[in-house]
Amino acid sequence: MRFLIAFFSLLLLLIPARAQNASLATGLEAWGKGDWEAARAAFTSVIEKDGLISAEVLYNLGNAHVRLGDTGQAALWYQRSLLLDPTDKATRQNLRTLRKTSSYILFEPGNLDRFAALLKNSTWRNLLSASSWAAALSLAALLFLSPPPRLRTWLWSTLVLGLVLATAAACGVWGRSTDDRLTNLWVVTSKEPTAALAAPVEGDASRTIIDLPAGSQISLLKEDGAWVYAEIPGDSVHQIASRLGWVRRDRLTRLWPWSPSLAQ
């Protein structure tokens with residue numbers, strides 16, 4: 001009876017996975033044929049219908065939008081992909097290439113963000129768990145087992161190393177805890193010219209604070225009808241601090257519309 005339960009449980013797990021793989025395969029096949037729009041639709045279906053959100057699928061969507069000439073959407077999907085796998089060199093390279101042509105502006109990561117981007121989210125969590133257990137077991141052995149001198153030296157080394165790694169991993173996990181950032185960050189995806197304005201009106205009634213090329217990030221502070229009041233990234237090269245301005249809501253797409261826990 002237990003064997004049958006295990007067998008049917010495994011079968012239920014394999015059925016949706018097969019559907020997901022089929023959807024992804026359809027997109028890759030369309031990509032191979034040079035049908036960029038069909039590839040984009042298939043990769044989108046993987047997310048919307050199959051419920052599979054992975055760095056690979058997000059990256060593929062970025063590539064499809066590049067081929068379709070949509071810089072804003074391409075930058076959006078690449079940025080989303082990096083949230084799941086900040087170590088992926090191809091995604092970073094493609095973003096740099098897009099930035100050269102579009103000159104879009106981004107919020108520069110802090111030191112903790114750069115450190116957290118060295119490893120994947122799952123790797124940080126696994127390292128935290130393993131190092132914490134190693135430190136805890138070593139401490140327990142030192143306190144309760146009275147080990148011989150050579151083993152005691154080894155246990156002390158394991159304890160110290162475990163604490164160091166656990167501290168580093170905790171910083172990595174903390175750096176990947178991005179609920180606020182994911183909630184507030186939006187990306188300019190409109191093909192229409194977009195600017196941050198001094199007031200929520202267009203035309204001569206409001207001056208332009210800065211033009212926002214497609215792919216630029218903003219951090220939403222509040223919404224007011226068709227407009228959002230947002231923080232605009234500064235320019236570290238020219239030492240320009242972040243600015244504030246009004247941006248049309250229909251020119252923006254939320255960076256991460258799914259549960260923040262998926263990117264942690």
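The values are calculated or read from the model by the stated rules, or taken from the named source; none is laboratory data. Please read all numbers here as calculations on a predicted model, not as lab measurements. Backbone-built Cβ (ideal geometry, glycine too); neighbour counts: all protein chains shown. Ligands, DNA and RNA are stripped out before the accessible areas are found, and what is left, the full protein with its side chains, is counted by its heavy atoms. Shrake-Rupley method; radii C 1.70, N 1.55, O 1.52, S 1.80 Å.
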Add +1 for every Lys or Arg and -1 for every Asp or Glu among the other residues with Cβ under 15 Å from the Cβ of residue 91, and state the total.
+3
Taking the chain, the lysine pairs whose C-alpha atoms sit under 25 Å apart (8 or more places apart or on different chains) add up to 5
With each run of n ≥ 4 DSSP H residues scored as -39500 (n - 2.57), what mean residue ellipticity at 222 nm is computed for the chain after dividing by its residue count and rounding to the nearest 500 deg cm²/dmol?
-18500 deg cm²/dmol
Nearest 10 degrees, 0 to 90: helix 36-48 Cα axis against the chain principal axis:
50
Most fluctuating residue of 93, 73, 217 in a GNM of the chain with Cα springs under 10 Å: which is it?
93
Restricting to Cα pairs under 8 Å and 6 or more apart, the percent relative contact order of the chain works out to 16
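What net charge do the residues around residue 234 carry, taking every other residue with its C-beta under 14 Å from that of residue 234, with Lys and Arg at +1 and Asp and Glu at -1?
Net of charged neighbours comes to -2.
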The range 100-176 to the range 197-214: how many Å between their Cα centroids?
46
Tell me the net charge near residue 158. Cut-off is 15 Å between Cβ atoms, residue 158 excluded, with +1 for each Lys or Arg and -1 for each Asp or Glu.
+2
On C-alpha positions alone, give me the angle between the axis of helix 89-102 and the longest principal axis of the chain, in degrees, nearest 10.
20
Counting only heavy atoms of protein chains, what accessible area per residue, in Å², does the chain have with a probe of 1.4 Å?
58
Which of rounded, prolate or oblate describes the chain when judged by the alpha-carbon gyration tensor and an a/c cut-off of 1.5?
oblate
Quick shape check on the range 76-228: root eigenvalues a ≥ b ≥ c of the Cα gyration tensor, a/c under 1.5 is rounded, otherwise prolate if a/b tops b/c, else oblate, and it reads prolate
Could you state the angle between the C-alpha long axis of helix 71-84 and the longest principal axis of the C-alpha atoms of the chain, as a value from 0 to 90 degrees rounded to the nearest 10?
10
Rounded to the nearest 20 Debye, what is the dipole magnitude of the chain about its Cα centre when Lys and Arg each give +1 and Asp and Glu each give -1 at the C-beta?
900
